[in-house]
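First the structure, in the form of structure tokens, and then the observations on it.
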Amino acid sequence: MSTRAGFIALIGEPNAGKSTLLNRMVGAKVSIVTHKVQTTRARIRGVALEGESQLVFVDTPGLFRPRRRLDRAMVAAAWGGAADADVVVLLVEAHRDITEGVQSILEGLGDVTKGRKVALAINKIDRVKAEALLALTEKLNEQFDFAETFMISAEKGYGVDVLRHWLAEQLPEGPWLYPEDQIADLPLRMIAAEMTREKLTLRLHQELPYQLTVETENWEERKDGSARIDQVIYVARDGHKGIILGHKGETMKAVSKAAREELQEFLGRRIHLFCQVKVRPNWLNEAERYSEMGLNFKDGNA
């Protein structure tokens with residue numbers, strides 16, 4: 001049997017469930033999942049195997065109307081992920097019908113995906129009745145010529161195996177792109193930074209300033225098999241530093257403990273994690289910060 005391999009872009013509005021679907025497909029946590037929109041900043045690649053096919057998933061940032069430089073760079077990364085892929089999957093939330101955001105994605109899809117297969121995955125199907133689901137499917141298929149439509153719940157796993165099997169058959173024949181045991185092509189330093197950023201998002205909810213980023217500054221392997229990881233959390237204002245540290249540093253302690261525990265589980269070894277918060281008023285306009293996030297600084301130009 002010949003092997004197949006290729007890239008699959010997951011696109012959709014923020015919070016459509018792309019990261020949850022990616023993690024479900026890969027069977028491990030490679031993309032951060034929170035209820036806060038726009039948490040995926042870079043195109044995160046997760047690798048899954050299905051029979052003789054290697055599926056390389058690109059979890060793009062949610063497509064939305066950009067207002068700032070960081071927003072514009074994220075949207076460019078999302079459309080770039082779709083343009084570079086072999087197959088594209090558009091995720092739409094079952095209970096939200098065709099929103100303004102979905103409408104604008106449908107209008108841009110044809111130009112970006114020229115000639116590629118685009119599948120429709122209606123997610124969160126457990127939230128609506130069958131009649132509403134069928135009506136939504138018809139409306140979406142009238143607006144775009146989808147190769148196939150899938151009804152799924154990424155969170156609960158319904159329909160995900162069927163989607164993965166179909167995707168495996170659509171990929172071009174060729175050698176695998178990654179070693180068999182590799183589940184993500186992000187550097188570990190970036191995965192570690194994303195995990196800390198996720199814990200901050202979960203812990204702070206509404207208070208969390210969007211103007212923050214986490215970078216892994218140093219990664220030191222130790223003789224006993226453990227690793228020391230030093231991270232910096234950059235914020236735009238002094239007041240944000242106080243929010244992240246919390247009363248007597250309690251918030252920061254809780255965040256770094258949760259991030260360390262998840263990293264230990266992910267890496268299967270002991271981790272010593274040290275986080276500090278630094279105020280950099282202009283970090284949103286520093287090219288270096290964008291490359292650390294896997295984004296193109298120039299894409300943020302108006």
Between a first residue in the stretch 1-28 that is basic (K, R) and a second residue that is open to solvent by less than 10 Å² (accessible area, probe 1.4 Å) and part of a helix (DSSP H, G or I), which pairs have beta carbons less than 8 Å apart while being 6 or more apart in sequence or on different chains?
R4/A168; R24/V160
Right, D111: more than 21 Å from W166 (Cα to Cα) and either hydroxyl-bearing (S, T, Y) or touching a strand residue (DSSP E or B) at 6+ places or on another chain (Cβ under 8 Å) (or both) or not?
no
Subset of the stretch 245-261 that is of a type in the set (G, A, S) and either open to solvent by 20 Å² or more (accessible area, probe 1.4 Å) or over 24 Å from the mean Cα position of the chain (by Cα) (or both) - its residue that is nearest to T216 (Cα to Cα):
S256
Filter the stretch 143-157 down to the residues that are within 14 Å of M25 (Cβ to Cβ) and surrounded by 17 or more Cβ atoms within 10 Å (Cβ to Cβ) and list them by number.
F150, I152, S153, A154
Selection from the stretch 64-113 of residues under 15 Å from the mean Cα position of the chain (by Cα) and either at pLDDT below 80 or part of a helix (DSSP H, G or I) (or both) yields F64, D71, A73, M74, V75, A76, A77, A78, W79, G80, G81, A82
Failed item in (1) at pLDDT 60 or above; (2) part of a loop (DSSP other than H, G, I, E, B); (3) over 12 Å from the mean Cα position of the chain (by Cα), with H35 passing the rest:
(1)
For the stretch 267-287, enumerate the residues that are more than 24 Å from L245 (Cβ to Cβ), at pLDDT below 80 and of a type outside the set (A, V, I, L, M).
N285
Being open to solvent by less than 60 Å² (accessible area, probe 1.4 Å) and in a helix (DSSP H, G or I) is the filter; apply it to the stretch 218-244 and report the residue that is nearest to E198 (Cα to Cα).
I244
Over the stretch 114-132, the set of residues open to solvent by 40 Å² or more (accessible area, probe 1.4 Å), part of a helix (DSSP H, G or I), of a type outside the set (D, E) and touching a helix residue (DSSP H, G or I) at 6+ places or on another chain (Cβ under 9 Å) is R127, A132
What's the total number of residues in the stretch 254-281 that are free of Cβ contacts under 8 Å to residues at least 12 places away in the same chain and either hydrophobic (A, V, I, L, M, F, W, C) or assigned to a loop (DSSP other than H, G, I, E, B) (or both)?
1
Criterion first (modelled with pLDDT under 90 and open to solvent by 20 Å² or more (accessible area, probe 1.4 Å)) does L186 satisfy it?
yes
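The values are calculated or read from the model by the stated rules, or taken from the named source; none is laboratory data. Treat the numbers as computed from the prediction; the structure is a model and nothing was measured. When we count neighbours, we look across all protein chains shown, and the Cβ atoms used for this are built from the backbone with ideal geometry, even at glycine. These area figures cover heavy atoms from the full protein model, side chains too; ligands, DNA and RNA do not enter into them. Shrake-Rupley method; radii C 1.70, N 1.55, O 1.52, S 1.80 Å.
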